[in-house]
Structure formats: C-alpha cells, structure tokens
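The values are calculated or read from the model by the stated rules, or taken from the named source; none is laboratory data. Note that the structure is predicted; figures quoted are calculated from it, not measured. Cβ placement follows ideal geometry from the backbone for every residue including glycine, while neighbour counts extend to all protein chains displayed.
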Amino acid sequence: MSENEKQKLESFPLEEYINRKRFGSKFWVKFTVFASILLLAFIFKINVLDKSIAPEELKSAVEIFDISSHWIETEKIDETDFKGILLVPEISFRVRNKGKKELKHMLMLGVFRLLNASRPMGEGYKMLFSQPLVPGKESDKIVLASPFGYKATSKKAFEKNSRSWRSSQVEIYVKSRNSGMLFIQEFYINRKIEGLAAEVKVI
C-alpha cells in the first residue's frame, strides 16, 4: 500500500461512517415495530386490563334493589286435549353499582325452581350494560322470567285449585367476560298473578 493510500485511509471519517450505518433504515424499521408493540400493549392495558373486574369485585359491586315478583300469563294454549293458559314466575329489579369499576357486558341469569325441588323449573337471562354502568349509578328495570310454569284453564282457576300450587324461588347469578357464574342472591316469588288483585294463598 502506498504512502498516499495510507494517508487517505487514515483521514477517512470512520466513526461517522459507523454511526450512519448503526442508525440506518433497518434500525428505524425495528425501532418503529418495537414502539408500535409497546403502544398497543399500553392501549390494551388501559382499555382492557385496567377496566376488567375480578370475580370478587363483580360480586360485591352488584346490589339488587327495587324488587318485585309475581306470576304472569305468557301464552294461550290450544291443544287437542287442553285449552287454557301458561303462568310462569317473573321477577323484576334494578341494579346499583357499588364497586369502583364500571359494569359492562354482563350476563344476569335467574334460575327458577319450586321450593325444595332438586331440578330447576326454568331459566331466564338478560345481557346487560352495552353502555357501562359507572360506579354509584343505577340501572333501568331488569325483568327475568321462567319459560316454564303451570298450566290452567284460566287465571281464576289457579285461585280455585291452590292446593296444586307450590311456593317458588329464584336464584340470581351474574357473569362478566372474565368470570364464571357468580351467585348473588335468592328471592321468593310472590303468590300474586298479574291482573288479579288478590294474592293466591298456597296451602
């Protein structure tokens, strides 16, 4: 190597060359991808993890109030061997959010059963709070009804045949997207039939 070539090599800005290579296009592509992943992780944490509610928090946050229950006529029955109506138990109530987080996309289930029966009579459910119920706020009325109940020729026939009636109850459960079914509370169904002033006495 000639003396002139050595001088050119020594005068070459090597450090500047290395720095340019170090922060070239590949570096910025990797940096952008990494930054995007961090940003998505942050957004996921803020919008999902920080707003999710643990099962114990959900159970303690749900307060049921303004409760009413009775039996309602749901359909007319016109069969070959029977003509009449179907009466089923129904409960209505409102929910107050006692927790510190909003309630959103929650399933509420009512399991209706005759008193001391091992198998449920039927289940009613509602999907709630597509718009979040924020802490301290109260929901509109929620109605749950069993799909099954008693058959009779008329509402009045229930009064005349009260001996065939049994007391009933409903168990209320809730579920969010990150919890299983959580038992909240149990209520007896009033012995009233919608549209009749008097309460039917069950013997």
Hey, residue 179 in a loop (DSSP other than H, G, I, E, B) and either farther than 18 Å from residue 55 by Cβ or not assigned by TED's automatic domain parsing to the domain that holds residue 76 (or both) or not
no
Within the stretch 122-131, is there a residue that is under 30 Å from residue 79 (Cα atoms) and polar (S, T, N, Q)?
no
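For the structure I just gave you, tell me whether residue 107 is of a type in the set (A, V, I, L, M, F, W, C) and closer than 13 Å to residue 139 by Cα.
Numbers: of a type in the set (A, V, I, L, M, F, W, C): yes; closer than 13 Å to residue 139 by Cα: no.
So residue 107 fails the test.
Report whether or not residue 129 is modelled with pLDDT of 90 or more, at positive phi and buried (at least 16 other Cβ atoms within 10 Å of the Cβ).
Working: modelled with pLDDT of 90 or more: yes; at positive phi: yes; buried (at least 16 other Cβ atoms within 10 Å of the Cβ): yes.
For residue 129, the condition - modelled with pLDDT of 90 or more, at positive phi and buried (at least 16 other Cβ atoms within 10 Å of the Cβ) - is met.
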Looking across the stretch 43-70 at residues that are β-branched (Val, Ile, Thr), surrounded by 15 or more Cβ atoms within 10 Å (Cβ to Cβ) and modelled with pLDDT of 85 or more, the single one that is farthest from the chain's Cα centre (by Cα) is 64
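Anything in the stretch 158-173 that is surrounded by 16 or more Cβ atoms within 10 Å (Cβ to Cβ), out of contact with any Leu (no Cβ under 8 Å at 6 or more places or on another chain) and either outside any strand (DSSP E or B) or at pLDDT below 85 (or both)? List them, or say none. Even if it seems obvious, please write down each step before you answer.
First, the residues of the stretch 158-173 that are surrounded by 16 or more Cβ atoms within 10 Å (Cβ to Cβ): 158-159, 165, 168-173.
Now restrict to residues that are out of contact with any Leu (no Cβ under 8 Å at 6 or more places or on another chain): 165, 171.
165, the sole residue that qualifies.
For the structure I just gave you, tell me whether residue 143 is modelled with pLDDT under 90 and β-branched (Val, Ile, Thr). Don't jump to the end; show me each part of the working.
On the way: modelled with pLDDT under 90: no; β-branched (Val, Ile, Thr): yes.
Judged against the criteria, residue 143 is not a match.
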